[in-house]
Amino acid sequence: MVEREGGGSSPWVAFLAGIILVAVVAFGVVAYTGGLQQRETAQLEMNMPDVKINPPDIDLPDPPPAPTMPPTAEAPVEAPAN
């Protein structure tokens, strides 16, 4: 069997160091391009006249009657004898 050679610690330490290195580089790129600066927000002001419009009077027709329950079933009616 081949024995492990090298005196390094577990590969997890290298993995975490790589993640930290990538995060530092990404932060530096964002800071260099100006992504961390405060941006001015636009101020919007609308001057509109105060207009009062009266709603129109509309004569609507009466609504249809409300639906009713169907008749209940009663005792069956016998057929007439011939």
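What follows draws every value from the coordinates through simple rules; no lab data is involved. Computed from a prediction, not measured in an experiment: that's the story for all the values here. As a convention, Cβ positions derive from the backbone with ideal geometry for all residues, glycine included, and neighbour counts pool all protein chains shown.
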Q. If you check every pair at least six apart or on different chains, which have Cβ atoms under 9 Å apart with a residue in segment 13-39 that is loosely packed, with under 10 Cβ neighbours inside 10 Å first and a residue that is β-branched (Val, Ile, Thr) and outside any loop (DSSP other than H, G, I, E, B) second?
A. 36/30
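Hey, among 23, 14, which residue is over 36 Å from the mean Cα position of the chain (by Cα), assigned to a helix (DSSP H, G or I) and among the small types (Gly, Ala, Ser)? Explain how you work it out, then say what you get.
Working: 23 fails: over 36 Å from the mean Cα position of the chain (by Cα).
The conditions single out 14.
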